Each structure stands twice: as structure tokens, then as C-alpha cells.
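Worksheet for the structure shown next.
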Amino acid sequence: NNEVTGASCLCGSAPCLLCGCCPSSNNSTITRLVFSFFLLLGTMVSVIMILPGMETQLRKIPGFCQGGTTIPGIENQFNCDVIVGYKSVYRMCFAMACFFFLFSAIMIRVRSSKDPRAALQNGFWFFKFLILVGITVGAFFIPDGTFHTVWFYFGVVGSFIFILIQLILLIDFAHSWNKIWVENAENTDNKCWFAGLLSFTVLQYALAITAVVLFYIHYTKPDDCTEHKVFISLNLIFCIIISVVSILPKIQEAQPHSGLLQASLISLYTMYVTWSAMTNNPNRKCNPSLLSLVSNVSNSEPSGDSNPGQVQWWDAQGIVGLIIFLFCTLYASIRSSSNTQVNKLMQTEEGGGSGGEGVVGEDGIRRAVDNEEDGVTYSYSFFHFHLFLASLYIMMTLTNWYQPDTTTQAMQSSMPAVWVKMSSSWLGLGLYLWTLIAPLIFPDRDFN
């Protein structure tokens with residue numbers, strides 16, 4: 001009986017295996033969590049593949065890697081240059097991107113769970129996992145050629161869009177956070193909620209200001225690094241502008257829940273994107289490595305014979321990027337927002353993530369509630385497109401946005417990556433500023 005129940009969960013129309021541990025028992029939420037788990041699983045595999053020394057360890061396996069330890073009479077079959085390092089990350093993320101893009105195309109214009117395609121969205125997990133594995137295996141047989149160079153530019157464009165989506169999700173999170181804590185303070189007459197909001201606002205501004213100071217110290221030179229000086233100064237000015245605008249009386253009157261908490265979080269995220277951009281500058285005088293910063297070793301005169309293909313995969317901005325990505329991915333899966341503007345941008349409905357009690361079937365198994373019979377609570381197609389972009393962003397983050405060089409088979413820092421990140425930060429700040437002033441420009445529209 002247990003085997004039959006497990007098979008029905010894996011192959012049926014409701015992901016019942018997860019109902020007991022999920023915070024919500026709604027089909028819509030559990031489905032998004034499982035697809036996000038697929039993405040996180042692929043990310044973990046990519047992280048393992050790019051770990052330093054992984055290729056060396058694989059070559060020690062007898063009869064495995066071409067050019068590695070051999071077994072008499074057995075020919076080594078695997079090219080370990082492809083299954084580890086940046087090539088493996090490109091292929092793994094290519095497979096995930098294809099998987100989610102396929103589902104994004106299939107799920108276009110699904111209106112309710114009565115659509116036959118909704119059963120594919122909310123069930124058949126075992127077969128979907130097999131499809132992902134199959135695409136992944138096939139991706140590792142793609143010839144090198146120009147694949148990495150072409151896919152790099154796909155990654156740049158996709159990551160640009162995903163950075164904006166991350167900013168939208170952070171705006172939505174800060175909005176919900178501020179609204180809930182203010183309501184708690186007003187309903188309970190407990191001033192600790194206001195104290196908490198003030199503390200986090202001050203902390204986020206303090207971190208942003210500290211970041212600006214460190215940027216001027218480590219990423220600029222008196223006679224060089226003009227671009228960095230412009231980037232830091234512009235984003236500092238823009239962050240001051242959005243902070244001032246967010247507390248103007250007319251803005252507060254139109255949007256009572258706007259305030260410095262949201263502005264401080266956006267300012268801090270903007271400084272992260274600025275830092276991330278500057279770490280991709282190929283000019284090493286303006287881009288000291290993390291090792292030199294920590295050990296206080298000057299990097300102003302790099303040796304001319306240094307290997308340009310020697311790259312540092314793991315640095316602080318990459319790790320921070322993964323943490324922000326993890327938070328935004330999980331938040332996108334369980335979010336239940338009353339922010340109409342963000343709901344329109346993210347193609348979700350108000351309260352779509354809230355859950356009910358799971359239904360216990362005749363077999364005693366707790367199953368998810370189908371809360372989408374009358375209409376879906378989020379756009380299936382857009383959600384998969386969001387995960388498609390996330391796959392590209394993960395690829396670029398894990399490889400530090402380095403550009404593959406087909407002639408030397410090395411990875412190089414590139415200025416296009418710098419400009420993509422900086423332009424995304426400016427567009428994101430403009431988007432947040434628009435959410436503040438739009439109710440004043442169009443007073444007849446509902447922006448609540």
C-alpha cells in the first residue's frame with residue numbers, strides 16, 4: 001500500500017508527499033516550492049562541479065578521465081575538462097534553463113486547474129525529474145565550439161532581467177515587512193515593533209554607507225579608476241534621492257506604507273550590485289582580489305607573467321549573490337502580497353500564497369488543497385520564465401561573470417559584465433522611484 005501511495009504522489013496530480021512539512025497546504029505554493037527545489041538541486045550540483053581541486057580528484061579515479069589514471073585494457077572515456085569547471089556549470093545551467101523554458105512555453109495561458117496542462121504543472125514529479133536529468137546528460141555532449149561564448153551572452157541578458165526581478169521582490173518584501181510591523185505596533189500598542197523597524201533601517205543604511213567608504217578606499221585610485229569613482233558617486237547620489245523622496249509629505253500621503261525601510265534595503269542592494277560590477281573590471285589596479293584585501297597585500301603592480309586564465313571562482317560577492325538568490329527564489333515561491341503594482345509585475349494575485357488546511361484522503365495521506373479551480377493564483381508560464389532567468393543568473397554568478405575565451409580556453413573578466421550590472425542597478429533605482437511617484441502623477445489609478 002505504501003508503494004502504491006508513493007507512486008500516486010510522484011505520478012499523480014497533487015504533490016502530497018510534501019504537504020506534511022510545507023508551511024502552506026495549497027497546491028499552488030507546494031508546486032512552486034518543488035520547482036524551486038529542482039533549481040536549487042541543479043545549483044548544488046554546479047557548485048560541487050566548480051569546487052577547487054575537483055578535476056584533480058576525478059583524474060585519480062582509475063579508468064574515468066581522459067589523461068588520468070588508467071586501468072589496463074580499459075580506455076578512459078570521460079573528458080574531465082567538461083564535467084568540472086566553468087564548462088560543467090554552463091552545461092548544467094543550460095539544461096535547467098531549457099527545462100524551465102520548455103515548461104514556460106507549455107504553460108502559456110493556463111487559466112485554472114481545470115486545464116489539462118495544470119495536472120502536468122502540479123504533478124508527475126518523477127517524470128519531470130527524469131526529463132531534467134535527460135536534458136542535463138545531453139547537454140554534456142554538446143561540442144565546445146562557440147557554445148560557451150554564445151551562452152555567455154544569453155547569460156548576460158537573462159541575468160540583467162533577473163537582477164531587476166530580484167529588486168522587485170526585495171521591494172515587495174520590504175513593503176510587506178514594513179506594513180506588517182506597523183500594523184502590529186498599532187494594533188498592540190507595543191512600541192517594540194517601531195523600535196525594530198528603526199533598528200533595521202539604521203543598520204541597513206550603516207552597512208550601505210560603510211560599503212561606499214570601503215569602495216572608495218579599495219576600488220579607486222587617485223590617478224586611475226575613473227569609472228569606479230563615477231559608479232560609486234552616482235549610486236550614492238541616487239540612493240540619497242530615493243531616500244528623500246520616500247519620506248516627502250505628498251508621497252507619504254499617497255502611500256502611507258512607503259518609508260525609509262524600503263529605501264534603506266534598496267540602497268544596500270544597490271551597493272551590492274555596484275560592488276559586484278566593480279569586481280568584474282579587468283583592470284586589476286581597480287579590482288583587487290579578495291585575498292589581497294584580506295591579507296593587506298598590495299595588488300597595484302601585478303606581475304606581467306601571471307596566467308590570465310587563473311581565475312578565482314569563490315569570492316565574497318559571489319557568495320552574497322547566492323544568498324540573495326536563495327532568499328528571492330524561496331520568497332517568490334511562498335509570497336502572499338497585497339502590493340498591487342508588484343503583483344501585476346510578477347503576474348500573481350493578491351493573497352495567492354496563503355494556505356489552508358490540507359485534505360486528508362481515505363488512505364490517510366494528507367494532500368494539497370486545489371485552490372486554483374476558479375483561477376490560478378500565479379502565472380504558471382511567468383513563474384517558469386522567472387526560473388529560466390534564475391538558471392542563467394546562477395551560471396553567471398558561479399563563474400563570476402567571466403567571459404570564456406575560445407582561443408586560450410580561459411576565462412576573462414569583461415567590461416560588458418560591468419556595464420550590465422551597473423545599468424541594471426540604475427534601472428532598478430528608477431523603477432523604485434517610479435513606484436513612489438506614480439500615484440502622484442496618475443491620481444485616478446489604484447496603486448495600493
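The values are calculated or read from the model by the stated rules, or taken from the named source; none is laboratory data. Because the structure is predicted, anything quoted here is derived from the model rather than measured. Virtual Cβ from ideal backbone geometry, glycine too; neighbours counted across all protein chains shown. When the accessible area is computed, the model is the full protein with side chains, heavy atoms only, and any ligands, DNA or RNA have been set aside. Shrake-Rupley method; radii C 1.70, N 1.55, O 1.52, S 1.80 Å.
The candidates C239, C98, C192, arranged from most to least accessible area with a 1.4 Å probe in the full protein assembly, appear as C192, C98, C239. Largest first, the three principal axis extents of the alpha carbons in the range 90-135 are 36, 21, 9 Å in whole numbers. Taking a straight line from the alpha carbon of K179, these lysines sit under 25 Å away, with near neighbours fewer than eight places off in the same chain left out: K191, K250, K344. Bridgeable lysines around K128 (alpha carbons under 21 Å apart, same-chain partners fewer than 8 residues away excluded): K114. Label-to-label distance, M415 versus F127, with points set 7 angstrom from Cα along the beta-carbon direction: 5.2 nm. Its Kirkwood hydrodynamic radius, worked out from the mean inverse distance over all distinct Cα pairs, puts the range 138-296 at 18.5 Å. Taking amide H as placed 1.01 Å from N in the peptide plane, Q403 has its amide H under 5 Å from the amide H of Q412, S413, S414, each at least 5 places away in sequence or on another chain.
Cross-link partners for K285 among the lysines, with Cα-Cα distance under 24 Å and sequence neighbours closer than 8 places in the same chain left out: K221, K229, K421. Using 0.36 nm per residue and subtracting the Cα-Cα separation, the extra length available between I161 and V320 on full extension is 55.4 nm.
Each peptide in 229-236, 273-280, 113-120, 379-386 was scored by the mean count of other Cβ atoms within 10 Å over its residues; highest first, the order is 273-280, 379-386, 229-236, 113-120. Taking the three principal axes of the alpha carbon atoms in the range 95-194, the coordinate ranges are 64, 39, 23 Å, sorted in descending order.
Solvent-accessible area assigned to carbon and sulfur over the range 131-267 amounts to 75 percent, based on a 1.4 Å probe. Surface exposure of the range 199-288, expressed per residue as accessible area with a 1.4 Å probe, stands at 45 Å². Across the range 149-232, Cα-Cα pairs farther apart than 23 Å form 55% of the total.
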